[in-house]
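Structure first, commentary second.
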Amino acid sequence: MRKTSKNLRQMFAGGSVARVMAAHDPLSAMLVEEAGFDGIWASGFEISAAMGLADISLVSMTEHLTNMRNMAARTSLPIVADVDTGYGNAINVLYTVEQFEAAGAAAVVLEDKMFPKVTSLIDGGRQDLLPIAEFQGKIEAALSARKDPEFLIIARTEALIAGRGEQEALARARAYEAAGADMILIHSKQKTPDEIESFINAWDGTAKIVIIPTAYPQMTEARARSLNKIGILIYGNHAVRAAVTGMQKVFAQIINDGGIQNADADIVPVAEIFRLQKMDSVKQNEKRFLR
């Protein structure tokens, strides 16, 4: 049975931290579920990378939506959809939330950058933020568009990414909670957790915090739980990075060896792909239904 927005909310109730891993296609989403994570991050960065594109709003809403819908069809975990800026203004957000909820997402994350956005962790990238009031309107539009009141609207502030400092990050987070956001995602590209921990310790709202510790891997799950304010911990791009690591290694080995005679032993057998494709079920259905 598909886990819902209510299930996702229950995961971080009572002080627990939901562990959410990025995916960029149905196969990686299936592997996230098999590994034992609590949810799937339908990552805009990963989907862009899988298409060989920069994460600068080049992937259309339709492409992202189709990919996320295909993930939802192959897994039962709740999916947190990374919808970037909502593909436009508050009117676009109305349609975005409606469509992603209908496609099976349990939550959407909207960020307060201007459209088109530039990926957060790139050195020297343009990081222009919307005025607070304008982003509040986008949050309010998202809330009005959702059908299920348990569907999570997560407001992401990029104030630390843009170099605006903790006080502006806190002011934005407070304004976004006041507009009705269910959770606040705070992002940082600092190499240690210090900036994030300072923000969390200063946070005086009631909304749970979401973090993506890509740049500061010392933020373990135990450390996140000890802060008592984090509800979701997202591993934001490890699926595509792992895939690239594996392919680069195996492809280079095949070139260097002049064949697959050595590399073949280091990768999963074709039988494992058949298992993921549920070929046993296909064979059973062929016997049952084909005449």
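The values are calculated or read from the model by the stated rules, or taken from the named source; none is laboratory data. Worth saying up front: this structure is predicted, and the values here are computed from it rather than measured. Backbone-built Cβ (ideal geometry, glycine too); neighbour counts: all protein chains shown. Heads up: the accessible areas ignore ligands, DNA and RNA and are worked out on the full protein's heavy atoms, side chains in. Shrake-Rupley method; radii C 1.70, N 1.55, O 1.52, S 1.80 Å.
Things worth noting here:
- All positions within the stretch 142-174 that are open to solvent by less than 10 Å² (accessible area, probe 1.4 Å) and in a strand (DSSP E or B): Leu152, Ile153, Ile154, Ala155, Thr157
- Within the stretch 135-155, residues that are modelled with pLDDT under 95 and among the polar types (S, T, N, Q) have Cβ atoms under 8 Å from residues that are surrounded by fewer than 22 Cβ atoms within 10 Å (Cβ to Cβ) and not in a helix (DSSP H, G or I) in no pair, counting only partners at least 6 apart in sequence or on another chain.
- Flag for Ile47 being touching a His at 6+ places or on another chain (Cβ under 6 Å) and modelled with pLDDT of 95 or more: yes
- Residues (under 17 Å from Tyr216 (Cα atoms) and hydrophobic (A, V, I, L, M, F, W, C)) located in the stretch 163-198: Leu185, Ile186, Ile196
- Verdict on Val80 being in a helix (DSSP H, G or I), of a type outside the set (Asp, Glu) and buried (at least 20 other Cβ atoms within 10 Å of the Cβ): no
- When Ala239, Ala222 are checked against the criterion of being assigned to a helix (DSSP H, G or I) and open to solvent by 30 Å² or more (accessible area, probe 1.4 Å), a single residue qualifies: Ala222.
- Within the option set Asn228, Asn256, being out of contact with any strand residue (DSSP E or B) (no Cβ under 9 Å at 6 or more places or on another chain), part of a helix (DSSP H, G or I) and of a type outside the set (Ser, Thr, Tyr) holds for one residue only, Asn256.
- For the stretch 192-219, a tally of residues being part of a loop (DSSP other than H, G, I, E, B) and over 22 Å from Asn237 (Cα atoms) returns 5.
- Pairs linking a residue in the stretch 191-220 that is within 21 Å of Ala181 (Cβ to Cβ) to a residue that is in a loop (DSSP other than H, G, I, E, B) and modelled with pLDDT under 95, with Cβ atoms under 7 Å and 6 or more positions apart or on different chains, are Lys208/Phe12.
- Selection from the stretch 104-137 of residues that are part of a helix (DSSP H, G or I) and open to solvent by less than 10 Å² (accessible area, probe 1.4 Å): Phe135
- Here Arg19 fulfils each of the conditions (1) surrounded by 20 or more Cβ atoms within 10 Å (Cβ to Cβ); (2) touching a strand residue (DSSP E or B) at 6+ places or on another chain (Cβ under 8 Å); (3) of a type outside the set (Gly, Ala, Ser) apart from (1).
- Among the residues of the stretch 83-103, those that are open to solvent by 20 Å² or more (accessible area, probe 1.4 Å) and either within 15 Å of the chain's Cα centre (by Cα) or closer than 28 Å to Glu34 by Cα (or both) comprise Gln99, Glu101, Ala102.
- Only a single criterion out of (1) assigned to a helix (DSSP H, G or I); (2) open to solvent by less than 20 Å² (accessible area, probe 1.4 Å) is not satisfied by Phe45, namely (2).
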